[in-house]
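To start, the structure itself, in structure tokens.
The values are calculated or read from the model by the stated rules, or taken from the named source; none is laboratory data. Please read these numbers as outputs of a predicted model, since none were measured by experiment. FYI the Cβ positions are ideal-geometry reconstructions off the backbone, even for glycines, and counts take in every protein chain you see. Please note that ligands, DNA and RNA were not included when accessible areas were found on the heavy atoms of the full protein model with its side chains. Shrake-Rupley method; radii C 1.70, N 1.55, O 1.52, S 1.80 Å.
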Amino acid sequence: VQLQASGGGLVQAGGSLRLSCAASGRSLSNYHMGWFRQAPGRNREFVAAISWGGATTYYTDSVKGRFTVSRDNAKNAMYLQMNSLKTEDTGVYYCVAIGRSRQLSRERSEYDYWGQGTQVTVSS
């Protein structure tokens, strides 16, 4: 499956953005999905994940209550609604996928498929 993230941009602190991840090649219903991000000079870190049917979601503590991950398998797409953005949310955001026969995970090494990333910049 090929993944392409979009929707990034420049926003002021407190603002909102909605990221999208479009898939091609295979139906997204075959995959658990997630988002990772990488800030300058930092390791790539887990942000959120959603099971293949959408019933289960995981979030890193720093985004709980502000970010919402969702998916629409009919549209072969996943989303990340980001509200109350903070400067520390700045980074390149990557959408990822793992086959649904495996466990939904927060671990970067578990994900087999990665999109190209979209830049999110939050200014103070």
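Residue under question is T118, and the condition is that it be surrounded by fewer than 19 Cβ atoms within 10 Å (Cβ to Cβ), among the hydroxyl-bearing types (S, T, Y), at pLDDT 95 or above and in contact with a strand residue (DSSP E or B) (Cβ under 8 Å, 6 or more places away or on another chain); does it hold?
no
Would you check which residues across segment 55-80 are assigned to a loop (DSSP other than H, G, I, E, B), more than 13 Å from H32 (Cα to Cα) and either aliphatic (A, V, I, L, M) or in contact (Cβ under 8 Å) with a residue 40 or more places away in the chain (or both) and list them?
T60
Could you go through segment 59-75 and let me know if any residue there is farther than 15 Å from A23 by Cβ, touching a His at 6+ places or on another chain (Cβ under 6 Å) and surrounded by 16 or more Cβ atoms within 10 Å (Cβ to Cβ).
No, segment 59-75 has no match at all.
Which of the residues belonging to segment 1-52 are under 16 Å from S123 (Cα atoms), in a loop (DSSP other than H, G, I, E, B) and touching a strand residue (DSSP E or B) at 6+ places or on another chain (Cβ under 7 Å)?
Passing the criteria: G8, A13, S16, A39.
Evaluate the following for A55: is it over 15 Å from V120 (Cα atoms) and open to solvent by 60 Å² or more (accessible area, probe 1.4 Å)?
Answer is yes for this residue.
Filter segment 80-89 down to the residues that are of a type outside the set (D, E, K, R) and surrounded by 19 or more Cβ atoms within 10 Å (Cβ to Cβ), then identify the one that is nearest to S24 (Cα to Cα).
L80
Name, by its number, the condition in (1) of a type outside the set (V, I, T); (2) under 15 Å from D72 (Cβ atoms); (3) touching a Lys or Arg at 6+ places or on another chain (Cβ under 9 Å) that does not hold for L19.
Answer for L19: the failing condition is (3).
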